[in-house]
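Asks: Have a look at this one before I ask anything.
Each value in this text was obtained by applying a stated rule to the coordinates, not by laboratory testing. Fair warning: this is a prediction, and the values are worked out from it, not measured in the lab. Counting neighbours? That spans all protein chains shown, and the Cβs are built from the backbone with ideal geometry, glycine included.
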Amino acid sequence: MSTLACGTLASGSPTLQRLESGQSVRIVCFGDSITGIYYHTGGRRAWGELLGATLQQRYPKARIELINAGISGNTTADALKRLEADVLRHQPQLVVAMFGMNDTARLSPEEFRANLGEIIRRTRSAGSELILLTPNSVNPGDSSRPPEKVAAYAALVHTAGRELQVPVADVFAAFASVQAQEPGEWVRLMSDTIHPNLRGHALIAATAARALIGESATAVIPPQSAGMAPLAQVHAKLQSGEPLRVLAMPPVDALIGPALRRLYPQARVEVTACDTAGKSLGELEIAAKEYGWFRFRAQPGLTPPDLVVVAVPAAAAGVPEVPYYRTYGSILNWSQWFDGSGWECVVVLPSIIQPVLTMDETEREQIALAAARDKDLPVMWRESGENGSAEELMVQKLREWLDSGNLIL
């Protein structure tokens, strides 16, 4: 996937010199929910972490420390309030700032432009280099962020970069290029109308890397480390002997408890079933919102589950006018916790339960697999040559995740 960037750090950049000479480099990625770690990318990493991995591969001797300072809902006005505490106090060599999506909805162009200028001045005064990122392009549908308005705010980032001589990585152009030339690929970059998924974050990371190193780069998506391993929280609960609360779609609700107890014989697993009988994909999307993170954030007194298992039935067809990928992805969005600090989520595809699928069901399963992987979620399906029972396959795949602490995507 190609990347587009407007301007790069100068060849004499202190950050580049430190990278090239194998020194320590601290980078702060500063932004809103598109920078922060939220459910759109599985709640464990985002474009900043991918940028760090990409630079580490290119400069293996460098000691790169990546700090993610993205907070959902932030505008540049919010950014200025926390610039010192969340960014400058770390004394970074480089700040990579991506704002504009919420500014588009809440601040005037003049306010946005002035705030960008102040962020640039204060960051430089603290001795840090800076790269600006434009916001990504968006789908129509969000009345407060129409595509043409987001484009106008992206242009303001270029104006600030040009006037104050700051490199600008043109994420908007990178996304818009895919949107215009490969609409099918564009769908697979987005988690919803405005937020990219992990594939989209990889494009952001590649675009940012090019603005830093001055040439095209492919983002590195490494295996998840032990610190961000899938089911790490589930593993800790099972080991401690605490009750594990599971919310699961049938028929997995009857299988997940026995499967976990085969791995942890003393485990106390409490399973609640979701009502999915006879529901279409669109109806399951509504149900996912009703039992998902939105409900628990709205009612703080409720006790949330520790694990949510999404198992959309093979027969659940999509709405003809809405791509299956998009609706399935929305189910996954609602089924995760907002910021990765709550419950964990696993996706079980129909072939685990139903070894023989029709052609239509097989096609839907492949789309569901892509949606789960694109959101960086642990997903299990029956691969070629796997003939075990549903419970046996679940035990095998759960053991791989819980034992190894790594999931290769």
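Asks: First select every other residue whose beta carbon is under 15 angstrom from the beta carbon of Lys61; then total the charges, Lys and Arg +1, Asp and Glu -1. Mind dumping the intermediate values first?
Replies: Numbers: positive: Arg18, Arg58, Arg63; negative: Glu20, Glu65.
Its environment carries a net charge of +1.
Asks: Starting from the Cα of Ala114, move 7 Å in the Cα-to-Cβ direction to define the label point; list residues of the stretch 134-162 whose amide nitrogen is under 12 Å from there.
Replies: Correct set: none at all.
Asks: Oh, and also: Once you put a point 7 Å from the Cα of Glu383 and another 7 Å from the Cα of Asp339, both along the Cβ direction, what distance in nm separates them?
Replies: 3.6 nm
Asks: Can you sort Asp403, Asp339 by how many other beta carbons sit within 10 Å, fewest first? Can you show the working numbers first?
Replies: On the way: Asp403 10, Asp339 15.
Ordered by Cβ neighbours within 10 Å, fewest first: Asp403, Asp339.
Asks: Follow-up. For Ala254 and Gln165 in the same chain, what is the full-extension length gain: residue separation times 0.36 nm, less their Cα-Cα distance, in nm?
Replies: Value of the extension gain: 26.0 nm.
Asks: Which of Ile331, Ile64 has the fewest other C-beta atoms within 10 Å, and how do the rest follow up to the most?
Replies: Details: Ile331 24, Ile64 20.
Fewest to most other Cβ atoms nearby, the residues stand as Ile64, Ile331.
Asks: So if we plug the beta-carbon distance of Ser280 and Glu391 into 1/(1 + (r/R0)^6) with R0 = 25 Å, what FRET efficiency do we get, rounded to 0.05?
Replies: Values: r = 28 Å, r/R0 = 1.10.
Using R0 = 25 Å, I get an efficiency of 0.35.
Asks: Starting from the Cα-Cα distance between Val356 and Arg106, subtract it from 0.36 nm times their residue separation and give me the gain in nm to one decimal. Walk me through the numbers before you get to the answer.
Replies: On the way: separation 250, 0.36 × 250 = 90.00 nm, distance 5.09 nm.
Fully extending the segment from Val356 to Arg106 adds 84.9 nm.
Asks: Which entry is the computed percent of Cα pairs over 37 Å apart for this structure: (i) 21; (ii) 40; (iii) 26?
Replies: This structure yields the entry labelled (iii).
Asks: How long is the gain from Thr218 to Arg89 if the chain were fully straight, where each residue apart is worth 0.36 nm and the alpha carbon distance is subtracted?
Replies: Stretched fully, the Thr218-Arg89 segment lengthens by 43.4 nm.
Asks: Cβ under 15 Å from Arg210's Cβ, Arg210 left aside: what net charge do those residues give with Lys, Arg +1 and Asp, Glu -1?
Replies: Values: positive: Arg58; negative: Asp170, Glu215.
That sum, taken over residues with Cβ under 15 Å, equals -1.
Asks: Let me ask another. Using only Cα atoms, find the angle between the long axis of helix 147-164 and the longest principal axis of the chain, and express it within 0 to 90 degrees, rounded to the nearest 10.
Replies: Its long axis makes an angle of about 40 degrees.
Asks: For the chain, compute the number of Lys pairs whose alpha carbons are separated by less than 21 Å, excluding pairs fewer than 8 positions apart on the same chain. Don't skip to the answer; put the middle values down first.
Replies: Working: Lys237/Lys397; Lys279/Lys289; Lys289/Lys375; Lys375/Lys397.
Final tally of qualifying lysine pairs is 4.
Asks: What residues of the stretch 319-362 lie in the reach of a label at Ala236, counting those whose backbone N is under 14 Å from a point 7 Å from the Cα along Cα→Cβ?
Replies: Of the residues in the stretch 319-362, 340-344 have backbone N under 14 Å from the label point off Ala236.
Asks: Could you list Ser335, Ser33 so that the one with the fewest beta carbons within 10 Å of its beta carbon is first and the one with the most is last?
Replies: Values: Ser335 26, Ser33 21.
So the residues, fewest neighbours to most, are Ser33, Ser335.
Asks: Taking K and R as +1 and D and E as -1, what net charge do the other residues with C-beta under 13 Å from the C-beta of Ala176 add up to?
Replies: Details: positive: none; negative: Glu148, Asp170, Glu182, Glu185.
Net local charge, Ala176 excluded: -4.
Asks: Sticking with this structure for a sec: Place a point 7 Å from Cα of Leu263 in the direction of its Cβ. Which residues in the stretch 348-382 have their backbone N less than 17 Å from it?
Replies: 348-349, 352-353, 377-382
Asks: Quick one: putting +1 on the C-beta of Lys and Arg, -1 on the C-beta of Asp and Glu, what dipole do you get for the stretch 1-135 around its Cα centre, in Debye to the nearest 20?
Replies: Working: 15 positive and 12 negative charges, 81 e Å.
I would put it at about 380 debye.
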